[in-house]
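The values are calculated or read from the model by the stated rules, or taken from the named source; none is laboratory data. If you're wondering where the values come from, they're calculated on a predicted model, not measured in any experiment. Note: ideal-geometry Cβ built from the backbone for every residue, glycine included; neighbour counts use all protein chains shown. Surface areas here come from the heavy atoms of the whole protein model, side chains and all, with no ligands, DNA or RNA. Shrake-Rupley method; radii C 1.70, N 1.55, O 1.52, S 1.80 Å.
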Amino acid sequence: MILSPSRAACLGGALGLCAVLAIPSLFPGLGADGRLTLAVFVVATAAWIATPVDDTYVALGAGLALTATGVISSETLFATLGDETIWLLICAFVLAAAVTRTGLAGRAAAFLVTGARTVRQLVHLTTAALVVTSFAVPATSGRAALALPVFLALAGVLAHRKRLVVMLALLFPTVILLSAVATLIGAGAHLITVSVLWEQTGQRLGFVQWLLLGLPLAITSSHLAAEAVLLTTTTRADRRAPVRITPADIAAHSPTPVTGPLSATESRCALLLATVVVLWCSEPLHRVSPAVVALIGAVVAASPALGTVRLKEGLRTVPWPLLLFMAATMAMGVALADSGAARWLVAGLPVHAPPWLFLTVVVLASTAAHLVLQSRSARSSVLVPLVVVAAAAAGVNPVAAALASTAAAGFCHTLPASAKPVALFADLPDGVPTYTPRDLLRLSAVLAPLTAGLVLLFALTVWPLFGVPVLLETQP
């Protein structure tokens, strides 16, 4: 493994800092467990940034190191795998496999985009369809894989208008990433945030509360981003020319039927998905955990009589490395909190800064974090535990600060390697035009301040209307 000079310097600095942490007299008020936790945390972060080693391997190594040194118990490490958020994601992927198998996504896309008569209508109808997929398919990479055949069908229909195809290639990953904040299952980072809040504050965000807070932001940011993509990649002449897409055009490029009556399998799957989403959204009425609802849905989806996918096939779609990564980073978050390392790190921060300034710093740091940490889950694993502790010390509601950090970290559009959906749509089959790094940088220059400003606006003015005040002391 050969490292560039900058990456080697990053690792060298991390190891040097660990050597300094070994001297107790230099860190008054920080116990041995706290220093060990910080050393493991620093090395893991440096490895995520500067080495090609798999993120999950690094996280598991960090969790094992914390357990072997006695900072956390083995029960704490292994209990994270049984967390209900892990089970929620497993079952959601089985449900998503059932939906994908039936071809319902292609029907929904054809139903929406064939109503477009102008380029702007096509863009916003596509955006609306992608936002809706956040309820059916967990994780951004899964949604990108589901949306790719739909994009290829549109690209085939619009092959004579290359600039529009490039615009759509940029639109799909952009909306997939920004709309993920709509639901709790939209990204693994959301589940890490919920776990950290529960461990450090005793507050648990449920599916419904996340939906109330995240969906308005997802809709607003996605449609504003769609306008940004449209304006930065097309000319006025491109936007004025009409479009005409028929169901037959989509069907010609789709492996499954997109018109006609639903088959019995499609009808059962649509009913099951609708039932699961309704039960998730009505959690305050029936008090059944979203993870239990998802488990019921997964069992039905894989049942011999009513299901549309075999359980073995559904489980193959589950991103097990992501789940292990989440479990290990949850354990790291517990260690940061229990050892006192997180409190020590933020002890020197100014606590009298205005709440808006504190949230601004959090949002800006989270927006820029993708430049050094490419994994969205890794960004939340590093930032959220520190943000929660710092917010409590500054008198800011930790829930508002953690949500703002997680939402802002959803922006990762600067480079093709910054996020899996961006990379997926940057490497399309031969003959299908896609965007260049310059197109991505042009969009990023507009989208970064737009996204950060929108998250800050919601944290300061919109979320308080839904029971998440800015100030800690105003919480009921």
Could you grab the pairs with beta carbons closer than 8 Å, sequence gap of 6+ or different chains, first residue in segment 292-317 and in contact (Cβ under 8 Å) with a residue 12 or more places away in the chain, second one open to solvent by 70 Å² or more (accessible area, probe 1.4 Å) and aromatic (Phe, Trp, Tyr)?
Ala294/Trp87; Leu295/Trp87
Pairs, please: C-beta under 8 Å, at least 6 apart or cross-chain, first residue more than 14 Å from Trp344 (Cβ to Cβ) and in segment 20-31, second modelled with pLDDT of 80 or more and not polar (S, T, N, Q)?
Ala22/Arg35; Ala22/Ala39
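Residue-wise test of (1) touching a residue at least 60 places away in the same chain (Cβ under 8 Å); (2) under 23 Å from the mean Cα position of the chain (by Cα); (3) open to solvent by less than 10 Å² (accessible area, probe 1.4 Å).
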| site | (1), (2), (3) |
| --- | --- |
| Leu197 | yes, yes, yes |
| Phe207 | yes, yes, yes |
| Leu215 | no, yes, no |
| Ala226 | yes, yes, yes |
| Thr233 | yes, no, no |
Which condition number in (1) more than 23 Å from Val276 (Cβ to Cβ); (2) among the small types (Gly, Ala, Ser); (3) open to solvent by 10 Å² or more (accessible area, probe 1.4 Å); (4) in a helix (DSSP H, G or I) is the one that Ala159 fails?
(4)
Scope segment 334-371; condition open to solvent by 10 Å² or more (accessible area, probe 1.4 Å), under 23 Å from Gly202 (Cα atoms) and under 22 Å from the mean Cα position of the chain (by Cα); matching residues
Val334, Val362
Just to check your reading of the model, which residue among Ala8, Ala79, Ala44 is surrounded by 20 or more Cβ atoms within 10 Å (Cβ to Cβ) and either part of a helix (DSSP H, G or I) or modelled with pLDDT of 80 or more (or both)?
Ala44
Filter segment 294-329 down to the residues that are modelled with pLDDT under 85 and among the hydroxyl-bearing types (Ser, Thr, Tyr), then identify the one that is surrounded by the most Cβ atoms within 10 Å (Cβ to Cβ).
Thr329
Out of (1) modelled with pLDDT under 85; (2) surrounded by fewer than 17 Cβ atoms within 10 Å (Cβ to Cβ); (3) assigned to a helix (DSSP H, G or I), what's the single condition that is false for Ser377?
(2)
Pairs needed: first member in segment 382-397, touching a residue at least 24 places away in the same chain (Cβ under 8 Å) and surrounded by fewer than 22 Cβ atoms within 10 Å (Cβ to Cβ); second member anywhere, among the acidic types (Asp, Glu) and part of a helix (DSSP H, G or I); C-beta distance under 7 Å; at least 6 residues apart or different chains.
Gly395/Glu473
Count, please, the residues in segment 96-127 that happen to be outside any loop (DSSP other than H, G, I, E, B), at pLDDT 85 or above and more than 18 Å from the chain's Cα centre (by Cα).
8
Return yes or no: is Arg287 modelled with pLDDT under 85, on the phi > 0 side of the Ramachandran plot and of a type outside the set (Asp, Glu)?
yes
Give the residue, chosen from Phe135, Phe172, that is open to solvent by 10 Å² or more (accessible area, probe 1.4 Å) and of a type in the set (Phe, Trp, Tyr).
Phe135
Consider Cys91 against the criteria (1) more than 20 Å from His190 (Cβ to Cβ); (2) open to solvent by less than 10 Å² (accessible area, probe 1.4 Å): it satisfies all of them except one. Which criterion is unmet?
(1)
It is to be established whether one or more residues within segment 53-69 are closer than 30 Å to Leu130 by Cα and crowded, with 19+ Cβ neighbours inside 10 Å.
yes
Restricting to helices (runs of 4 or more DSSP H) lying wholly in segment 179-266: which have 2 or more residues that are in contact with a Gly (Cβ under 8 Å, 6 or more places away or on another chain) and under 29 Å from Trp320 (Cβ atoms)?
188-201, 207-233
Can you find a residue in segment 405-423 that is crowded, with 16+ Cβ neighbours inside 10 Å and over 22 Å from the mean Cα position of the chain (by Cα)?
no
Any residue at all in segment 454-467 that's modelled with pLDDT of 90 or more, under 17 Å from Ala228 (Cα atoms) and not small (Gly, Ala, Ser)?
yes
